[in-house]
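J.: Before we start, here is the structure in question, set down as structure tokens.
Every read-out reported here was derived from the displayed coordinates using simple, explicitly stated rules and does not represent laboratory data. Note that the structure is a prediction, hence the values are computed from the model and not measured. Using ideal geometry, Cβ is built from the backbone for each residue, glycine included, and neighbour counts are taken over all protein chains shown.
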Amino acid sequence: MATAAQPRGGARPAGASGLNRVLMHAAAKPAVFMLCLLPFAWLLYGAVADRLGANPAEYLLRATGDWALRFLCIVLAVTPLRVMAKLTALARWRRMLGLFAYFYVVVHLLCYSWFDMGFDLPSIVADIPKRPFILVGFAAFVLLTLLAATSFNRAIRALGGKRWQRLHRLVYLCAGLGLLHFFWMRAGKNNFGEVGIYAVIIALLLGWRVWHALAARRRAALQ
Ligand code: HEM
């Protein structure tokens, strides 16, 4: 997960534009933290107030899946935004945003384990390999667990910056697996509208990353 601030992300915001100054304000990070918790709080309120429609369990399972995928897209958007809009201050939020993506995946998994499987571990273990779309979602969860576990400064130091960066590029694979999971689930219903929107967003973000890496390599070769 491009979650932890990359070592080079620690640089002070160049030029400290107005927006960078706002983003660097002491209150900005807690405000973003609260904003990220808002979907969870809203779902919790909906569940307690019985406002989630006729099938609250299905609503919670699907909404947490949606938020997991949205947060993965947000994490992937941090670097392009940081570079293109020169919002260097965004680097300090990447770890928090990545951990929120993981948080929503864990809540999603808990919803599945509770509402679909009644927390019956043997049934869960049997169900995961049986249904390909669940298997793909679970693979994304396992990878994200690895990234979340290595998103802290001590892990960055232990792995070394380069190796850590290479490992955390797996966040693209996680987003791809999450998308495939969503596609597979909706394929049964022949309903691809939303899946298409996420596919375009993820393809654009990945495309930018590849283009940016190739441009950097070309610049280095010219020097
Ligand atoms: C990165 C990991 C994951 C992402 C991004 C993700 C995302 C999603 C999304 C977007 C949906 C559809 C929501 C909708 O219809 O609006 C969904 C549904 C679902 N996901 Fe996941 N998911 C992930 C991991 C998992 C895991 C680990 C499991 C269980 C082991 C799981 C089980 C399910 C189930 C059972 C559904 C609902 C299927 C249905 O209602 O027919 N997902 N997920």
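J.: Compute the acute angle (0 to 90°) between the alpha-carbon long axis of helix 170-187 and the principal axis of greatest extent of the alpha-carbon atoms of the chain; round to the nearest 10°.
T.: So the helix axis and the longest Cα principal axis differ by about 30 degrees.
J.: For segment 176-201, list residues with backbone N below 11 Å from a point placed 7 Å from the Cα of M117 toward its Cβ?
T.: Hits in segment 176-201 for M117 at 11 Å: none.
J.: What FRET efficiency, computed as 1/(1 + (r/R0)^6) with R0 = 30 Å and r the Cβ-Cβ distance, is obtained for L173 and M24, rounded to the nearest 0.05?
T.: Working from the Cβ atoms, E equals 0.45.
J.: Give me the lysines in straight-line cross-link reach of K162: C-alpha distance below 30 Å, same-chain residues under 8 apart excluded.
T.: Output for K162: K29, K86.
J.: For a quick protection proxy, order the peptides 98-107, 148-157 by their average other-Cβ count within 10 Å, most packed first.
T.: By packing density, highest mean first, the sequence is 98-107, 148-157.
J.: Using the reciprocal of the averaged 1/r over all distinct C-alpha pairs, how large is the Kirkwood radius of segment 16-222 in Å?
T.: Computed over Cα pairs of segment 16-222, the Kirkwood hydrodynamic radius comes out at 18.8 Å.
J.: Quick one: length gained pulling V125 to M84 fully straight, 0.36 nm per residue minus the C-alpha distance? Walk me through the numbers before you get to the answer.
T.: Values: separation 41, 0.36 × 41 = 14.76 nm, distance 4.40 nm.
Between V125 and M84, full extension yields 10.4 nm more.
J.: Still on this structure, please answer the following. On a 0 to 90° scale, report how tilted helix 132-149 is relative to the longest principal axis of the chain, with both axes built from alpha carbons and the result rounded to the nearest 10.
T.: Taking the Cα atoms of the chain, the angle to 132-149 is about 40 degrees.
J.: While we're on this one: Place a +1 charge on the Cβ of each Lys and Arg in the chain and a -1 charge on the Cβ of each Asp and Glu, then give the dipole magnitude about the Cα centre in debye, rounded to the nearest 20.
T.: With only Lys, Arg, Asp and Glu charged at Cβ, the dipole is about 1560 debye.
J.: Can you tell me the order of 71-77, 51-57 when each peptide is scored by its average per-residue count of other Cβ atoms within 10 angstrom, highest first?
T.: The packing order, highest mean first, is 71-77, 51-57.
J.: Working out 0.36 nm times the residue gap between R219 and L146, then minus their Cα-Cα distance, what length gain in nm do you get to one decimal? Walk me through the numbers before you get to the answer.
T.: Details: separation 73, 0.36 × 73 = 26.28 nm, distance 3.29 nm.
That works out to 23.0 nm of additional length.
J.: Using only helices, what value at 222 nm comes out for the chain when you add -39,500 (n - 2.57) per DSSP H run of length 4 or more and divide by the total residues, to the nearest 500 deg cm²/dmol? All intermediate terms of the calculation are to be shown ahead of the outcome.
T.: Working: 10 runs with 166 residues, N = 223.
Helix-only estimate at 222 nm: -25000 deg cm²/dmol.
J.: I need the calculated FRET efficiency for the pair V106 and A155, taking r as the beta carbon distance and R₀ as 22 Å, to the nearest 0.05.
T.: On the way: r = 19 Å, r/R0 = 0.85.
It comes out at approximately 0.70.
J.: Just rank D120, D127, D50, fewest to most, by other beta-carbon atoms within 10 angstrom.
T.: So the ranking, lowest neighbour count to highest, is D50, D120, D127.
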